[in-house]
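Just below is one structure, and these are the notes that go with it.
The values are calculated or read from the model by the stated rules, or taken from the named source; none is laboratory data. Remember, it's a predicted structure, so these values are computed and weren't measured experimentally. Here the Cβ positions follow ideal geometry from the backbone for every residue, glycine too, while neighbour counts run over all protein chains shown. For accessibility, only protein heavy atoms count, side chains too; no ligands or nucleic acids. Shrake-Rupley method; radii C 1.70, N 1.55, O 1.52, S 1.80 Å.
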Amino acid sequence: MELKLYDTLAREKRPFAPLDWQDPSIPPEKKRVRMYVCGPTVYDFAHIGNARPVIVFDALVRLLRHLYGPEHVAYVRNITDVDDKINARAAEEYPDLPLNEAIRKVTEQTEKQFHEDVAALGCLPPTVEPRATEHIAEMKALIERLVASGHAYVADDHVLFHVPSMPDYGKLAKRSLDEMVAGARVEVAPYKRDPQDFVLWKPSKPGEPAWPSPAGIKTPGRPGWHIECSAMSWKHLGETFDIHGGGIDLVFPHHENEIAQSRSAFRTPAMAQFWMHNGFLQVEGEKMAKSLGNFVTIRELLRNWPGEVIRLNMLKTHYRQPIDWTTRGLVECRHAINGWANALEPHGLTSEEGAYAPPIEVMEALSDDINTAKALAAMHGMARASKAGDVKAAQHLAGAADFLGLQRSKWDAKLEAMIYKMGVDREFDAWVDGLISARNGARKAKDYAEADRIRDELAAMGVVLKDTKDGTTWEVAR
Ligand SMILES: [Zn+2]
């Protein structure tokens, strides 16, 4: 089985061969597949858009651990715990505490929430989860190198990366110079030599987190955002590694700048051999934004849905495609998971951890650039065969559900409670009411086939309709 992955930088899908395996000087027991994924900035509950890279790269790391052995995969996902948003949040939430103490409270509690949330979504912990504030020394070492080699300069107590010093700049984002300059002009500062130059280090205002500055600057300061990922990936994975991942929104400027920093500091032709990005996520057909009132946190979703349902709703779309996150999608996923459980039941099977190996069909689909949609379609086929009495298919289904983190054992009890709860869930109510009025419309138009189809769709969700002279009522069968 050959693993193929899509590389954003090369704009192509190609076979994956980890660097350590190409280096005969590294003994077999020391070889590692090395992957870095940009993690959360810990200042508030993670939203469903933040969950996408965590789930997508969890699927990939499960596959890599399966293919190369769990001890041969190094998966690094950082925690950004120094940021203006964190400072603002800390001052707002704990106005009576010194800022540093308030910041520690905010980052500790947010990190804990994040861990709980992604664990509920079936995501396994990364091998290393480095914090930015614990890697200030590495950031300063990188900055010193960049200044010494002429890629960065000091101006007005800032250290800036000089973009024209990097001829390949812009290749990841494939942006023209004009576009990049236009984007940079919005925040152009007088001390920049070139409008594209970006901050590696900046002075701290009184009360803000501060460290002794590099490059001979007297004023204490703090790192820019981009330099932390170059420093943490270097420390834990080396100068060049296999996979760098994140959301598509990080391509520019964050990943473009990481490449500029790391390649210039180490004089290497590449920072990572594969750049992988998950697509955008929107909610009910609209861009998610606090101002639109459709800002959905993982925590809120977990109040109404089992984590495995949320996970399946994410994985059913190929990771590079945009996702439209809908309640309707969640309803369908609950139905699908319920269907798999029903298919396993006659064979007395559960998908306990490690009980059955994942089937070849599913592994082949995942090896083709994490084609989860194809893997899930194969699982639906196994469920049909299983219902028809095929024991082998049932075992394959159990193995696949276990491998993808969609085990029955996890959600079975919760699911029963959910079926009841969904009857009183407002979003679910709205969905059912919408279908009932569509059915009434179909009946009025004498389209009885469509009316029956809608009734069956509702029945599949456990919704029983009662037509009375006063209209249609419904209840959730238990
Ligand atoms: Zn990053």
- From the list Glu258, Glu208, which residue is acidic (Asp, Glu), open to solvent by 30 Å² or more (accessible area, probe 1.4 Å) and closer than 26 Å to His158 by Cβ? Glu208
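A quick yes/no check of all residues on (1) part of a helix (DSSP H, G or I); (2) open to solvent by 10 Å² or more (accessible area, probe 1.4 Å); (3) at pLDDT below 95:
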position	(1), (2), (3)
Asp324	no, yes, yes
His335	yes, yes, yes
His380	yes, yes, yes
Gly399	yes, no, yes
- Quick one: Thr219 ticks every box in (1) more than 16 Å from the ligand (Cβ to nearest atom); (2) in contact with a helix residue (DSSP H, G or I) (Cβ under 7 Å, 6 or more places away or on another chain); (3) among the polar types (S, T, N, Q) bar one, so which box is it? (2)
- Residues of segment 49-67 being over 23 Å from Lys290 (Cα atoms), out of contact with any Ser or Thr (no Cβ under 9 Å at 6 or more places or on another chain) and open to solvent by less than 20 Å² (accessible area, probe 1.4 Å), which ones? Phe57, Asp58, Leu60, Leu64
- Output the number of residues of segment 31-70 satisfying the condition of being away from the ligand (no atom under 16 Å from the Cβ) and touching a His at 6+ places or on another chain (Cβ under 7 Å). 3
- Determine whether segment 71-87 contains at least one residue that is surrounded by fewer than 18 Cβ atoms within 10 Å (Cβ to Cβ), closer than 23 Å to Trp275 by Cα and more than 16 Å from the ligand (Cβ to nearest atom). yes
- For segment 241-248, does any single residue satisfy the condition of being open to solvent by 10 Å² or more (accessible area, probe 1.4 Å) and touching a Ser or Thr at 6+ places or on another chain (Cβ under 9 Å)? yes
- Query: Is there a residue in segment 12-35 that is on the phi > 0 side of the Ramachandran plot and without any contact (Cβ under 8 Å) to a residue 40 or more places away in the chain?
  - Reply: no
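Let's see how each residue does on (1) within 11 Å of the ligand (Cβ to nearest atom); (2) within 22 Å of Ile298 (Cβ to Cβ):
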residue: Leu250; (1), (2): yes, yes
residue: Arg267; (1), (2): no, no
residue: Phe274; (1), (2): no, no
residue: Phe280; (1), (2): no, yes
- Task: Report yes if Gly307 is under 27 Å from Gly245 (Cα atoms) and either within 20 Å of the chain's Cα centre (by Cα) or not aliphatic (A, V, I, L, M) (or both), otherwise no.
- Result: yes
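Yes or no, residue by residue, for (1) polar (S, T, N, Q); (2) in contact (Cβ under 8 Å) with a residue 40 or more places away in the chain; (3) open to solvent by 50 Å² or more (accessible area, probe 1.4 Å):
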| residue | (1), (2), (3) |
| --- | --- |
| Leu124 | no, yes, yes |
| Thr127 | yes, yes, yes |
| Pro130 | no, yes, no |
| His135 | no, yes, no |
| Glu138 | no, yes, no |
| Leu146 | no, yes, no |
| His151 | no, yes, no |
| Ala155 | no, no, no |
- Task: Quickly run through segment 258-289 and pick out the residues that are farther than 30 Å from Leu146 by Cβ and aromatic (Phe, Trp, Tyr).
- Result: Phe280
- Task: Test Trp225 against the criterion of being within 16 Å of the ligand (Cβ to nearest atom), more than 30 Å from Pro322 (Cα to Cα) and within 23 Å of the chain's Cα centre (by Cα), and give yes or no.
- Result: no
